[in-house]
Amino acid sequence: MTELVESIKRVTSIMSEITAASREQSAGVTQVNQAITQIDQATQENAALVEESASAAELLNNQSHKLVDTVARFKLEAQDRDLDMNMRLQTRSADAQHYDPQQGKVKKVRRAA
């Protein structure tokens, strides 16, 4: 009879240990699940940020192309204006005159006879 009582105590003890281990394992699985959920949320946020960054980069690229075109137009207009000024100056005088856009002045240049 004492053997039976001892066996029942051992089985009860083992069952208690199994219950405690199951609780610990369940808590661990819950923590892993929470970590995976946080990683998933961070991944989704990062994906959204990447999309926003790509969109912003494309917008900046388009704006930079427009800016380059605009600056090129100003350069062409300035070159045309300087060329036009030089042509008018050369037709007015026997001495060649040259408009220097860097200095904003007209320079006289003697023509070779």
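Coordinate-derived values only; no laboratory data. This structure is a prediction, so every number in the text was calculated from the model and none was measured. Every residue, glycine among them, receives a Cβ derived from its backbone with ideal geometry; neighbour counts consider all protein chains shown.
By how many nm would the segment from R81 to T43 lengthen if fully extended, with 0.36 nm per residue of separation less the alpha-carbon distance? Please report the intermediate quantities before stating the final value.
Numbers: separation 38, 0.36 × 38 = 13.68 nm, distance 5.64 nm.
Computed gain between R81 and T43 is 8.0 nm.
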Practice task
Note down the magnitude of the dipole of the stretch 1-79 about its Cα centre, charges +1 on Lys and Arg C-beta and -1 on Asp and Glu C-beta and zero elsewhere, to the nearest 20 debye.
Solution key: 120
